[in-house]
Amino acid sequence: MKTILSSETMDIPDGIEIKVKAKIIEVKGPRGTLTRNFKHLNLDFMLITDEETGKRKLKVDAWFGSRKTTAAIRTALSHVSNLIIGVTQGFRYKMRFVYAHFPINASITNDNSAIEIRNFLGEKKVRKVDMLEGVTVVRSEKVKDELILDGNDIELVSRSCALINQKCHVKNKDIRKFLDGIYVSDKAKIDEGDN
């Protein structure tokens, strides 16, 4: 069954500049600019002004959409909301080293944009991971064996975490017993993570 028109709106906070052109949304804020392409979705994006309050809003319409298209409206708004949080607060992911015997040794290189992992399961191999664009990695000063990854784009931050995690997979062993690795322990916004 198709719905003639389904639409949703979201408020745009003050101090945020949003441009919509041909389903490419650009969000500008105090921390920088992020863009995202929604051309693969069959949706209409519009910037409107609320008549009663005078606040700016982003409106997303789906004409004659199936259930899947209607569900994509909320997904698109969630993505835009993540862009807004990214340019105002930023995202911070924390990762912890897990090891039973051989302590994992990590050194951060290339101006906080790459990490070298040594002594994983006692192996001599040096595992090098470059962070994706705009993501920085630092060792936590308060907590032992913790990495902190910061960035504006939630996708790039989480994908950088995934790259680090995938470099430390245990091969040819029983993974129920050998739980060594580097795992994401916490996901937050940057100003929340300072406590």
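The values are calculated or read from the model by the stated rules, or taken from the named source; none is laboratory data. Since the model is a prediction, treat every value here as computed from it, not as a measurement. Quick reminder, even Gly has a Cβ in these numbers, built from the backbone with ideal geometry, and neighbours come from all protein chains shown. In case anyone asks, the SASA skips ligands and DNA or RNA and just uses the protein heavy atoms, side chains included. Shrake-Rupley method; radii C 1.70, N 1.55, O 1.52, S 1.80 Å.
A few points about this structure:
- For residue 42: the one exception among (1) in contact with a Leu (Cβ under 9 Å, 6 or more places away or on another chain); (2) over 27 Å from residue 189 (Cα atoms); (3) surrounded by fewer than 16 Cβ atoms within 10 Å (Cβ to Cβ): (1)
- Residues of the stretch 1-27 satisfying the condition of being open to solvent by 80 Å² or more (accessible area, probe 1.4 Å) and within 23 Å of residue 133 (Cβ to Cβ): 17, 19, 21
- Filtering the stretch 137-144 for residues that are modelled with pLDDT of 95 or more, more than 30 Å from residue 46 (Cα to Cα) and within 16 Å of the chain's Cα centre (by Cα) leaves a non-empty set.
- Hits in the stretch 151-195 - residues which are assigned to a strand (DSSP E or B), out of contact with any helix residue (DSSP H, G or I) (no Cβ under 7 Å at 6 or more places or on another chain) and not small (Gly, Ala, Ser): 186, 187
- The set of residues in the stretch 97-119 that are farther than 16 Å from residue 185 by Cβ, touching a helix residue (DSSP H, G or I) at 6+ places or on another chain (Cβ under 8 Å) and in contact (Cβ under 8 Å) with a residue 60 or more places away in the chain comprises 102, 117.
Each row is one residue, and each column tells you yes or no for (1) under 15 Å from residue 161 (Cβ atoms); (2) touching a strand residue (DSSP E or B) at 6+ places or on another chain (Cβ under 9 Å); (3) open to solvent by less than 60 Å² (accessible area, probe 1.4 Å); (4) not charged (D, E, K, R).
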residue: 32; (1), (2), (3), (4): no, no, yes, yes
residue: 67; (1), (2), (3), (4): no, yes, no, no
residue: 70; (1), (2), (3), (4): no, yes, yes, yes
residue: 82; (1), (2), (3), (4): no, yes, yes, yes
residue: 98; (1), (2), (3), (4): yes, yes, yes, yes
residue: 110; (1), (2), (3), (4): no, yes, no, yes
residue: 119; (1), (2), (3), (4): no, yes, yes, yes
residue: 130; (1), (2), (3), (4): yes, yes, no, no
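- You will find that of 81, 185, the residue that is closer than 28 Å to residue 28 by Cβ and at pLDDT 95 or above is 81 and no other.
- Any hit, the stretch 69-89, residues being over 30 Å from residue 13 (Cβ atoms), outside any strand (DSSP E or B) and more than 18 Å from the chain's Cα centre (by Cα): no
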